[in-house]
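First comes the structure, then the notes that go with it.
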Amino acid sequence: MNATVKWIVMYFMAICLLLGPNGAIRAEGEPAEGSPPAAVQKKIAVVIDDMGNDMAGTKEMMELPIPFTVAVMPFLPTTKRDAEWAHQLGHDVLLHMPMEPVKGKKSWLGPGAITTDLSDDEIRRRMLAAIEEVPFAVGINNHMGSKVTADPRVMRIVLEVCKEKHLFYLDSKTTSKSVVQQTAKEVGVRTLENNIFMDDVYTRDHIAKQALKVQKYVDGHDTTVVIGHVGPPGKYTASVLKESVPSLQQRAQFVKVSQLVQ
């Protein structure tokens, strides 16, 4: 190929790259034909904690028009109902495992909780019993747990059970001292972390402000995990989430949390 022919071919290829599907010149920054919009490439996973006790907002959460993830506590009156309900709707189910916090009463945890004073064998026994309680669980996240998730001995046993049962672990990040990520790497368990709590304060105004923080976080990150709750803030959180869907869908694709760990 002589120099003139080579130059003509290169010029023709450059023109083709500039043309859109109808022969129009694409604007600067416009994706090529077939490329997904940038917003669609971003993903957001909503996790709703504290299911299993028929708490306020349960019905409203289940009616959300998006795929999301339901975290169900074990050994409670509607544990199995809520897990089966979520599964039938096509949502992910997590075991929302009660774990000891730094501050707070053990009685707040509910039955079958993991605490740092338990033996290795008892931790394992409680984990296995809780997994059996929550049908369709694909992973585990912690309910409270700021003391447990900072304890290497306890978390190693928890994560070893996760590995054995082929479950991933979502760290709710109730403490900055969490050892989950490091321990999970050593054990060989897939993990991810919560990025924003929607309703750490139980008022609609606060939850609405958190929703704006979620939008800003999504704008700056490829993946986002958001945790909300049924119970005292449940109906407010469900309402704010529903109102936020159109704006968030312009920024990202709603996915189940398991889609972020695959």
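The values are calculated or read from the model by the stated rules, or taken from the named source; none is laboratory data. Owing to the predicted nature of the structure, the values given are computational and were not obtained by experimental measurement. Backbone-built Cβ (ideal geometry, glycine too); neighbour counts: all protein chains shown.
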For this session: Please identify the pairs in which a residue from the range 99-113 that is closer than 16 Å to F75 by Cα has its Cβ atom under 9 Å from the Cβ atom of a residue that is of a type in the set (K, R), counting only partners at least 6 apart or on another chain.
Result: M99/K147; G112/R126; A113/K106; A113/R126
Exercise. What about D200, is it part of a loop (DSSP other than H, G, I, E, B) and free of Cβ contacts under 8 Å to residues at least 24 places away in the same chain?
Worked result: yes
For this session: Determine, yes or no, whether D199 is surrounded by fewer than 20 Cβ atoms within 10 Å (Cβ to Cβ), at pLDDT 95 or above and farther than 16 Å from L94 by Cβ.
Result: no
Exercise. Can you tell me how many residues in the range 137-185 are among the aliphatic types (A, V, I, L, M) and either part of a helix (DSSP H, G or I) or out of contact with any strand residue (DSSP E or B) (no Cβ under 7 Å at 6 or more places or on another chain) (or both)?
Worked result: 11
Problem set entry | Yes/no for S239 being in contact with a Lys or Arg (Cβ under 9 Å, 6 or more places away or on another chain), surrounded by fewer than 20 Cβ atoms within 10 Å (Cβ to Cβ), assigned by TED's automatic domain parsing to the domain that holds A45 and of a type in the set (S, T, N, Q) | yes
Problem set entry | Members of the range 225-236 that are outside any loop (DSSP other than H, G, I, E, B) and either on the phi > 0 side of the Ramachandran plot or out of contact with any Lys or Arg (no Cβ under 8 Å at 6 or more places or on another chain) (or both) | V225, V226, I227, G228, H229, G234, K235
Seminar exercise, completed: Note on the range 64-111: residues out of contact with any helix residue (DSSP H, G or I) (no Cβ under 8 Å at 6 or more places or on another chain), of a type in the set (D, E, K, R) and at pLDDT 95 or above are R81, E84
For this session: Kindly indicate whether any position in the range 212-227 is surrounded by fewer than 20 Cβ atoms within 10 Å (Cβ to Cβ), among the aromatic types (F, W, Y) and touching a strand residue (DSSP E or B) at 6+ places or on another chain (Cβ under 6 Å).
Result: yes
For this session: Go through the range 69-85 and give me each residue that's surrounded by 24 or more Cβ atoms within 10 Å (Cβ to Cβ) and either among the hydrophobic types (A, V, I, L, M, F, W, C) or outside the structural domain of V47 (by TED's automatic domain parsing) (or both).
Result: V70, A71, V72, M73, A83
Exercise. When you go through L118, L109 one by one, which is the residue that is buried (at least 18 other Cβ atoms within 10 Å of the Cβ) and of a type in the set (A, V, I, L, M)?
Worked result: L109
Exercise. If V134 satisfies every condition in (1) surrounded by fewer than 21 Cβ atoms within 10 Å (Cβ to Cβ); (2) in contact with a strand residue (DSSP E or B) (Cβ under 6 Å, 6 or more places away or on another chain) but one, which is the exception?
Worked result: (1)
